[in-house]
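Throughout, read-outs are computed from the coordinates displayed, never taken from laboratory work. In this text the structure is predicted, and so the values were computed from the model without any measurement. All Cβ positions, glycine included, derive from the backbone under ideal geometry; neighbour counts span all protein chains shown.
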Amino acid sequence: MACAGRLLLLLSLLPVCMAWKPKSLFLFNKRTGEACDDHSECQSRCCVPNSLNGQAFCAAKTIFLKCLRWGKPNRDACSDHAECRSHCCVTNSASSQTFCRPRGIFLQCTPWRRPNGARCGHHRECRSQCCIALSEVSRPRCVRRSGLLAQCLPLVSARPREGLPAAPEAGGPRGGPGLHTRGAPPSGRG
C-alpha cells in the first residue's frame, strides 16, 4: 500500500515537472557565438551583448572565470571608458576626439600627451610632464626633464640678469696664481 501511495504522489508531481521540462532541456546547450537571452542557455554560462545593437551571444569566460561584456576594440571612437574592451577611452592627438586605447604595462589608462617641443599650457599636457617658457617672451613648450633628479627645471641663462652682480672672471683680483683671462698674457711673462 505504501508503494501505491508513493506512485500516486509521483504521478501528481508529473505535471509540475513537465512545466519545467522545456527549460531544462535547453540548459547549457548553446555554444560560443550563438544568440542567447540568459546565462543559463550557454555552455559557458556567459551570455553577453557583443555589439551596440544589444543582441546577446554566448561567450567564453576569461581565465579568471569572469563573464565580460562586449567592448569596442582599440582605435575605435568612444565617449566613455565603459564602452571600450580595455576600459580606457582617451584622446590620441591634440584634438578632442577620444578613442579606445590599450592600457599600459602597469594597467594605467594614460592619455595622449604632446611631444617635446610642442606648445603647451600645463605640465599634464606633455609626455615629459614639463611645460616651461624657454624665455621671458616665448610661449611655453614641452621640454624634457633635466638635472640629476630629472626635475622640471627652466634652462639657466649664461648671461647675468640686470641688477645682479656678475661673477668674477678668472685672472681677476681673486683669480690666484697661474690663472689668466683669454687674450691676456699670463702674469709674469711680459
Separation of the residue 96 and residue 69 label points, Cα + 7 Å toward Cβ, nm: 2.6 nm
statement: Two pseudo-spin positions, 7 Å from Cα along C-beta at residue 124 and at residue 87, lie apart in nanometres by 2.1 nm
task: At 7 Å along the Cα-to-beta-carbon direction for both residue 152 and residue 136, put a label point, then send me their distance in nm to one decimal.
output: 2.3 nm
query: Per Stokes-Einstein, at 10 °C and 1.306 mPa s, what whole-number D in µm² s⁻¹ belongs to region 24-70, with the Kirkwood radius over Cα pairs as the hydrodynamic radius?
result: 154 µm²/s
message: Between residue 76 and residue 29, what's the calculated FRET efficiency when r is the beta-carbon distance and R0 is 25 Å? Round to 0.05.
response: 0.15
task: Report, in debye and to the nearest 20, how large the dipole of region 25-127 comes out about its Cα centre when Lys and Arg carry +1 and Asp and Glu carry -1 on their Cβ.
output: 620 debye
query: What's the percent breakdown of Cα-Cα distances in region 113-153 across 10 Å bins, shortest bin first?
result: 39, 51, 10
